[in-house]
Amino acid sequence: MKSFSQSKKNVILVLLLALFLVCNKPSDKTPWIWQVEGKKYTVSDFEDAHEAFIFLMAQQLNRTPEQLKPFIENPELSGDPRLAKLLEGLKKENFPEIYKRILLINHDADKKGFLKDEKIKKRVQFLQQYFITSLYLDEKVGIEGVNVADSEAINFVEAARKNNPNLAAIPMDQLLEEAKSNIRFRKLGEKREEYVSQIRDSYKINTNENFNLKEYLNKKSDSGAEPEKKEKAENTADK
């Protein structure tokens, strides 16, 4: 069974997406909290950033924002000190320093022309595409409508215990919650794949007959391996 702490590696992606999210947000009429280089950031900006940050974190940890809230209220439940520290920062009273740091770094990057670099532009473009994909699928096929029966969760736990006898030491009620989460996200994935299939059927994708993508990727792979082969050959000749 996938533990809560195993997903901590995905936190980096969350931070990257959050960094992208807070850039260039339009102004509003709520009171401003901070002003950086003449640009004001308001209560609305702060609330939206906090909500989005929790949404992104929940997505990367295979939880809904509602499921993540108990872990934010009591980070020690995560079972991992590093993740607990990050979850502590998601509390609204602790979020200002994280948000302020993101704003300052964004302003420094903008001032120094970081976003004018073509490579960076392409990366940001992909992050935007990825982020829109996540939001769109969450809107169209949300986890709220995915239900898991107790019997499904029990069967899941029993199968997991057969594969991992160590799970027998963990109380059933704790395992059931984790099992329901795993099953729920598996079902959600299946529903989203069905929705994506419908999208594929709605649009025509034309493939360039004069370009062989597989051949191109094979050549890239071979060219990347050549320096290593050459170095090994030279080392063998020296011996």
Check your understanding: Within the range 39-83, how many residues turn out to be small (G, A, S) and at pLDDT 90 or above?
Key -> 2
Revision key, fill the gap. Taking the range 56-73 and keeping residues farther than 19 Å from L175 by Cα and exposed (fewer than 14 other Cβ atoms within 10 Å of the Cβ) leaves E73
Revision key, fill the gap. Scanning the range 182-225 residue by residue, the ones that are within 18 Å of S134 (Cβ to Cβ) and among the hydrophobic types (A, V, I, L, M, F, W, C) total 4
Review point. Is it the case that P165 is loosely packed, with under 11 Cβ neighbours inside 10 Å, within 29 Å of Q60 (Cβ to Cβ), at pLDDT 85 or above and over 27 Å from the mean Cα position of the chain (by Cα)?
Key: no
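The values are calculated or read from the model by the stated rules, or taken from the named source; none is laboratory data. The model shown is predicted, which means the values in this text are computed figures rather than measured ones. So basically every Cβ, Gly included, is an ideal-geometry build from the backbone, and we count neighbours across all protein chains shown.
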